[in-house]
Every structure is written in structure tokens, then in C-alpha cells.
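Shown next, in C-alpha cells, is the structure this report addresses.
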Amino acid sequence: MSYFLISLLVSHIFLGTLGIVFLTGYLLYFFREDNLGFLKRMSFFAFLSFVFSWIVGGYYYVTYYGHAVKPIILSGEFPWVHKVLMETKEHIFLFLPFLAFVLFIATYFGKNIKDDKKLSYSYIGLCFTTVSVALLVTIMGMAISGAVGK
Amino acid sequence: MDWSTFVRSMHIIGTALGVGSATLLEVLSIKFSKDGEVDIFEHDVLRICINVLRAGLIIVVFSGFGIMVLGRLRMLGPEAYFSPRFLAKMAVILVLLLVAFLMNFRLINLKVGSAISTASWYAALVFGLWRTNKFSFFVLMGLYLGLIFVTYYILEFFRSRAIKTK
């Protein structure tokens, strides 16, 4: 595996985790006073992190995973890790930048998002859904990495 | 310094910050609650502990992924990553995250939440260090559950003692 591909794999994991950290910050600080700017920044950086994680992960998947990693997993002890988890991950993963984008746009252009209780819970619900999907994708990614043995 | 030493050092630093601040948070919150109210200074001190705890969690998560990537490049495989010890550590970290959310939105009793959080940090530390253990995932989770109960009752004991010695 070349240094370029290792960098892509590391960036994919790092950016994805960073996205989760930004959205967790969004969730934990949502009800603090006078922090709309902070929420806008968090949602924007989360969106950027997921987009870049998407691009580098996609490139790694298309150019390396299919011919070098997939056969190892399929011939190993846990072929279902690719057949079920990877197949699920590569589809669920597509939603993340869009969910983060919706959250960013809604936070950026939203009016009275903290005064209206019902509306604020919708924001929290959207953010929590995005974090949950991202965590699920992370756990699947860990299982996939774990299935690659000698 | 090679990458392995760097990420392992960060992992230890993150765990130390997490375990240390979780312990300090409990000790100080019991001490501060003696008079039945938390003033601005005490609130600031507790906030600093919470921020250090969150920093510790972030460092642990990122360095943990770093260790995982290095293991993936060495192709350590299922023996390392599907081992009961590793899965138990992951479960504990997930519980830690979930409890942080629940406590933030007051969806869980704060005394129960803080006991789970403190016990989780210690469990993560012990599972990380105890490399020779051969227990199954469910036994480790049972030990973790036991640790949560023990932590809860220890904290309750010190809380009630603090109120009595007011």
C-alpha cells in the first residue's frame, strides 16, 4: 500500500471523526445562549469534513479497496463483513454530506431557531440523526478494517 | 518518534486526562455540594473539569483510530479487532458518548449518569491495560455493569457523608 493510499485512508477516518466531533459540539452546545455563530461554524465544518471524507474515501474505495482488500475479507473468516457491512456502509455513507448540508443551511438561514421549542428540537433531531448515522458508519468501518487479516 | 509511539502516547495522555478529570469532577462536585449550592467559582471549576474530560475523550478517540489504522496496515485482523477486550473497550466508549448526550439534555438522572461516566473511564482504562485477560465479551460487560453499581454506591456513600459532616 503506497503512502498516498495510506494518507487517503487516514484522511478518510480523520475527517469522518472530525465531522462527528463538530456535530457533537453542535448538539452539546445547542442550548447555550448567544452561540448561533458557533452552531453555524460547527455545522459548516461538519459538512466540509464529511464531503472531504467522502471524496478521499471514495477514491480509496474505487482505486484500491476493490482489488486489494475485498478479496482478503471475502477469503477470510468473516466474509459477511464485506457482503453485509461494506455494502450497507457504502450506501448509508452517501447520506452524510447531504444531512450535514441540510443542517448547515437550516442553521445558517433559520430564524428564531432557539426561541421556538418545537423548531429547536427539530434541529437537535436532525443533528442527532446525522451523528447516529455517522457513528454507525464508523462502527462498520472499524469492523471492515478489523476483518483484514493475514 | 515513530507513529506508533506517538499515537500510543496520545492514547495514554487522553486516558489519563479522562480518568483524572472524571475523578476530580466527582470529588469536587461532592465537596462543593456540601453547602447545598454551587457558587460561580465552583461552577467554573467544574466546567474546567468537564472541558478537560471532553478533551480527553476527543484525544482518546482520535489516537484510538490512529492505533487502529496502524494495526490495519500491519493486517492484525480479527484476532485483534474482534477480540472480546477490544469490543468491550468500544462498547464502553459508546456508552460514554451516549451518557454524555443524555446528561447534557437531562434525559438521565445526573447521579446515575455521573456514576456511569466515571465507571466507564475506569473500565476503559482497565480493559486497555489488562491485556492478558481471556474473558468473553459478556463477562467483561458483566464486570463493567458491576463496576457501575459499585461506583454509584461509593459516590452515594461519600455524598451522604459530605451532607452529614456539613
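The values are calculated or read from the model by the stated rules, or taken from the named source; none is laboratory data. Source: prediction; values computed, not measured. Cβ sites come from the backbone with ideal geometry, for glycine too, and all protein chains shown count toward neighbours. What goes into the accessible areas is simple: the full protein's heavy atoms, side chains included, and nothing from ligands, DNA or RNA. Shrake-Rupley method; radii C 1.70, N 1.55, O 1.52, S 1.80 Å.
Some observations on this one:
- Peptide ranges A:99-106, A:66-73 listed from the most packed, as the mean C-beta count within 10 angstrom indicates: A:99-106, A:66-73
- Share of Cα-Cα pairs in chain A lying beyond 20 Å, as whole percent: 50
- Peptide B:48-57, shielding by other chains (average Cβ, 10 Å cutoff): 1
- Where A:Tyr123, A:Tyr3, B:Tyr153 fall by accessible area, highest first, once all protein chains stay in place (1.4 Å): A:Tyr3, B:Tyr153, A:Tyr123
- B versus A: buried accessible surface, summed, Å² (probe 1.4 Å, to nearest 100): 2600
- DSSP-loop GluC sites (Glu not before Pro) across the stretch B:1-61, with at most 11 other Cβ within 10 angstrom: B:Glu37
- Heavy-atom accessible area per residue - the stretch A:35-150, 1.4 Å, Å²: 52
- Its relative contact order, with pairs defined as Cα atoms under 8 Å and 6+ residues apart, puts chain B at 29 percent.
- The order of A:Met1, A:Met42 by accessible area, most exposed first and with a 1.4 Å probe, is A:Met1, A:Met42.
- Complex-versus-alone comparison for the stretch B:59-76, residues with a loss of 30 Å² or more in accessible area, probe 1.4 Å: B:Phe62, B:Phe65, B:Met68, B:Val69, B:Arg72, B:Leu73, B:Met75
- For the stretch A:32-83, trypsin sites (Lys or Arg not before Pro) are listed when DSSP marks them as loop and at most 12 other Cβ atoms sit within 10 Å of their Cβ; the list is A:Arg32.
- Across A:Lys117/B:Lys111; A:Lys89/A:Lys118; B:Lys89/B:Lys111; A:Lys40/A:Lys117, pairs whose alpha-carbon gap is larger than 30 Å: A:Lys89/A:Lys118
- Value in Å of the Kirkwood radius, where the stretch B:3-164 supplies the Cα pairs that are averaged: 16.8
- Distance between the stretch A:62-76 and the stretch B:1-40 - C-alpha centres, whole angstrom: 41
- Accessible area of A:His82 in the full protein assembly, 1.4 Å probe (Å², nearest 10): 10
- D (Stokes-Einstein, µm²/s), Kirkwood Cα radius, the protein assembly as shown, 1.306 mPa s at 10 °C: 75
- Comparing B:Ala80, B:Ala119, B:Ala16 in a Gaussian network model of chain B, where Cα atoms under 10 Å apart are tied by springs, the biggest mean-square fluctuation is seen for B:Ala80.
- Average partner coverage of A:136-146, which counts Cβ from other chains inside 10 Å: 4
- In the context of the full set of protein chains, the stretch B:1-135 has a per residue accessible area of 53 Å² (1.4 Å probe).
- Local electrostatic count at B:Ala16 - Lys and Arg +1, Asp and Glu -1, tallied over other residues with Cβ under 15 Å: +2
- Taking 7 Å steps out from each Cα toward its Cβ at B:Ser160 and B:Asn109 produces label points 1.3 nm apart.
- Restricting the stretch A:1-110 to GluC sites (Glu not before Pro) in coil, as DSSP defines it, with at most 11 other Cβ within 10 Å: A:Glu33
- When a 1.4 Å probe is rolled over the protein heavy atoms, the share of accessible surface on the protein assembly as shown that falls to carbon and sulfur comes to 72 percent.
- From helices alone, the protein assembly as shown scores -27000 deg cm²/dmol at 222 nm; the rule is -39500 (n - 2.57) for each run of n ≥ 4 DSSP H residues, then divide by the residue total.
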